[in-house]
Amino acid sequence: MPEYEAVIGLETHIQLNTETKIFCACKADSWGDPPNTNICPVCSGLPGVLPVLNRAVVEKAVLLARAMNAEVQEISYFDRKNYFYPDLPKGYQITQNDQPIAVGGYMDLPMEGYVRHVGITKLHMEEDAGKTKHEHGRRLVDFNRCGVPLIEMVTGPDLRTADEVAAYLIRLRQLLRWLDISEADMEKGHLRADANVSIRVKGETGLNEKTEIKNVNSIESLRSAVEKEIQRQIREVEAGNVIEAWTLDWDEDTQSLSKMRSKETMADYRYFKEPDLLVVKLDEDWKSEILADYPELPLARRERFISDYELPEYDADILTSERSLSEYFEAANKAYAGDPKRLSNWLMNDVMRLLNEQGLEARDLKVTPDYLAEIIKLVDANTINTPTGKSLLEKVQQTGTSPREIVEAEGLAQVSDTGAIREIAERVVAENPDNVAKYKSGKDSLIGWFVGQVMREARGKADPNLAREVLEELLNH
Ligand code: ZN
Ligand code: MN
């Protein structure tokens, strides 16, 4: 059997998080609203109305184009894509076909041991259609989603594995949130991805017939759908069959793909320029206004965290997974002025647990970066021990009070006075002759139990290393 490789391209639709829809003043996000309550004459396609382009849509498209290294075109315009479907009240979708807002571009995807270069063919703005559903034998239509702003972005046939597909979507989702372009929640349809999949014998360069996978609503499901389709195509080819250009529908319940329809020849959408809208002219002034204060992007920040702070790739990946977390790390690192890896451990273990438990973003924490640095410094200076430091983190988060004040008010400073610890240790040794005998007969592991007893007597405030030293001395003489 020859070795095969997959050739995969992705078509993504990104729902923008603008206040209003793309061509009218209706609220863009109608998640959870009753059907047809968030519509007006423009987005429900009544005759005689005129669309007006939402500036924020153009601005978010430019932000994304820049992140994808795409070339923003000074002049772009909208076209009508004509087709009939019950969820499309106008009988056409306003989209960009001839002159999209941006062309070209790429994303370099860090994978295990290599980087996959994914080309971006084009990026354009368009309006969403409504939704239809079947209920009690009737066909119902909801126009709330009509006119919701989308960016459609198409990659080249550059992805080779299901893991790369997942990695691309994870990076894209991260970017969209980083730049505040979209909620990018696949479950809610804010980010939709259709995958074109074909296979070829490794080493060949031509493109074979492809199938298109649709209606997948999570990154994990798309990963398994693509993997299953690659395996199916290999089985077909090995059995001497040809791959036909099917559209495949993903069924989440059965985790399987089924044939929706054979792909007919390209539908004739009779595109023509949208006569009710002006061309979009992005002059240098507007462009530089949009791109002013453009943030460092996650992949660049990840590289910098690795080179400047000598963090492992794993840490850098997690710390740059969200913009506010990465900013928190840098602010805390500046305040701490110690080992960045030590700070990273605190962040990844204790701070992130707080974030997950309370459903917060790093910027919302009452434990400010300065406070976190203060807590770690108190531990480093042996003023408090590590367990006290961890509970102090929780107390600061509850009260918003500075760590130092809490340590003073609650008398949390640990006992590092050898005399006081020795007194407790002597008492523990005197009260437990059985365990002393066991320890002396060779059960060394009991030292941990003795340390625990001393810590308990000192109500957690003893320096555990000092306690161990004193105990070893008492027990071994
Ligand atoms: Zn409207
Ligand atoms: Mn589209």
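The values are calculated or read from the model by the stated rules, or taken from the named source; none is laboratory data. Please read all numbers here as calculations on a predicted model, not as lab measurements. Ideal geometry is used to build each Cβ from the backbone, glycine not excepted, and the neighbour counts take in all protein chains shown.
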Lone unmet requirement of (1) in contact with a Gly (Cβ under 9 Å, 6 or more places away or on another chain); (2) more than 16 Å from ligand 2 (Cβ to nearest atom) for Met186: (1)
Residue that is nearest to ligand 1 (Cβ to nearest atom) [pool: residues in the range 105-141 that are at pLDDT below 95 and assigned to a loop (DSSP other than H, G, I, E, B)]: His136
Residue within the range 32-40 that is within 16 Å of ligand 2 (Cβ to nearest atom), among the β-branched types (Val, Ile, Thr) and surrounded by 20 or more Cβ atoms within 10 Å (Cβ to Cβ) present: no
Residue count for the range 1-44, restricted to those that are within 10 Å of ligand 1 (Cβ to nearest atom) and not β-branched (Val, Ile, Thr): 12
When residues of the range 55-88 are limited to those that are assigned to a helix (DSSP H, G or I) and among the basic types (Lys, Arg), the one surrounded by the most Cβ atoms within 10 Å (Cβ to Cβ): Lys60
Residues that are part of a helix (DSSP H, G or I) and surrounded by fewer than 18 Cβ atoms within 10 Å (Cβ to Cβ), drawn from the range 308-326: Asp308, Glu313, Tyr314, Asp317, Ser324
Those residues of the range 190-221 which are within 16 Å of Gly156 (Cβ to Cβ) and either in a strand (DSSP E or B) or of a type in the set (A, V, I, L, M, F, W, C) (or both), in sequence order: Ala193, Asp194, Ala195, Asn196, Val197, Ser198, Arg200, Leu207, Glu212
Test set (1) more than 30 Å from Leu354 (Cα to Cα); (2) modelled with pLDDT of 90 or more - Glu394 fails condition number: (1)
Filter result (within 32 Å of the chain's Cα centre (by Cα) and surrounded by fewer than 19 Cβ atoms within 10 Å (Cβ to Cβ)) within the range 398-410: Gln398, Thr399, Gly400, Thr401, Ser402
So Met153, is it under 30 Å from Tyr314 (Cβ atoms), surrounded by 16 or more Cβ atoms within 10 Å (Cβ to Cβ) and within 16 Å of ligand 2 (Cβ to nearest atom): yes
Residue within the range 274-294 that is closer than 27 Å to Met352 by Cα and either modelled with pLDDT of 95 or more or part of a helix (DSSP H, G or I) (or both) present: yes
